[in-house]
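J.: Right, I'll just put the structure down here and ask away after.
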């Protein structure tokens, strides 16, 4: 897109496009988790079938977001690539481990990037979110450090859940647990946002 400013999209539609694929995955899995399906001469469980549905739905939703807004964030692009790769491997090899590892890789990459930025004294988080969340430099440093810890913690938590718990437990954690943890993280940092917020005049 050549527009310099992203197009405005209604918040409801944006949320539906961002979280809709995850809800679709959850619904398909819950409906099919105790069944086995034979497709193309191969037997698939409900988890892999839900992945078959999730991958094209996510691709369509992200393309719709790009079409509507004229831009995609780095996290959206990375998520799309990893979902296609690891979702494709899950379906091709009929092995759900690849799809379950995807969140670990995404969160580990972002934790590593934020940590590297701090080490190099490059505030990449501010470059991405600075316009939406204007804060003083010290506030960005603290937020970057905390978000790096958040992403690292989510990566470890994902590994623990998928390796030690049932498919249903992992799907519930992925669908509800991770968004809840992220929401609570933002609430917990409300004081930081207020303390280091820039005045409109600044």
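J.: Taking the residues in the range 99-124 that are assigned to a helix (DSSP H, G or I) and more than 16 Å from the chain's Cα centre (by Cα) as candidates, determine which candidate is surrounded by the most Cβ atoms within 10 Å (Cβ to Cβ).
T.: Only one residue fits best here, namely 117.
J.: Follow-up. Take the range 168-198 and flag every residue that is in contact with a strand residue (DSSP E or B) (Cβ under 9 Å, 6 or more places away or on another chain) and over 13 Å from residue 143 (Cα atoms).
T.: Residue satisfying the conditions is 198 alone.
J.: Can I ask one more? Does the range 174-193 contain at least one residue that is within 19 Å of the chain's Cα centre (by Cα) and more than 25 Å from residue 105 (Cβ to Cβ)?
T.: Yes, the conditions are met somewhere in the range 174-193.
J.: Examine the range 150-163 for a residue that is touching a residue at least 60 places away in the same chain (Cβ under 8 Å) and surrounded by 11 or more Cβ atoms within 10 Å (Cβ to Cβ), and state whether such a residue exists.
T.: Within the range 150-163 (the criterion being touching a residue at least 60 places away in the same chain (Cβ under 8 Å) and surrounded by 11 or more Cβ atoms within 10 Å (Cβ to Cβ)), the answer is yes, since at least one residue qualifies.
J.: Looking at the range 1-35 only, could you name the residues that are assigned to a loop (DSSP other than H, G, I, E, B) and either modelled with pLDDT of 85 or more or surrounded by 12 or more Cβ atoms within 10 Å (Cβ to Cβ) (or both)?
T.: Those that are assigned to a loop (DSSP other than H, G, I, E, B) and either modelled with pLDDT of 85 or more or surrounded by 12 or more Cβ atoms within 10 Å (Cβ to Cβ) (or both): 6, 9, 33, 34, 35.
J.: Restricting to the range 125-149, and then to whatever is part of a helix (DSSP H, G or I) and farther than 23 Å from residue 181 by Cα, can you tell me which residue is modelled with the lowest pLDDT?
T.: 127
J.: Hey, another quick one. Test residue 86 against the criterion of being surrounded by 14 or more Cβ atoms within 10 Å (Cβ to Cβ), more than 13 Å from the chain's Cα centre (by Cα) and assigned by TED's automatic domain parsing to the domain that holds residue 33, and give yes or no.
T.: The answer is yes for residue 86.
J.: Restricting to the range 180-202, count the residues that are without any contact (Cβ under 8 Å) to a residue 12 or more places away in the chain and assigned to a helix (DSSP H, G or I).
T.: 9
The values are calculated or read from the model by the stated rules, or taken from the named source; none is laboratory data. Everything numeric in this text was worked out from a predicted model, so none of it was measured. Please note: Cβ atoms are built from the backbone with ideal geometry, for glycine as well, and neighbour counts cover all protein chains shown.
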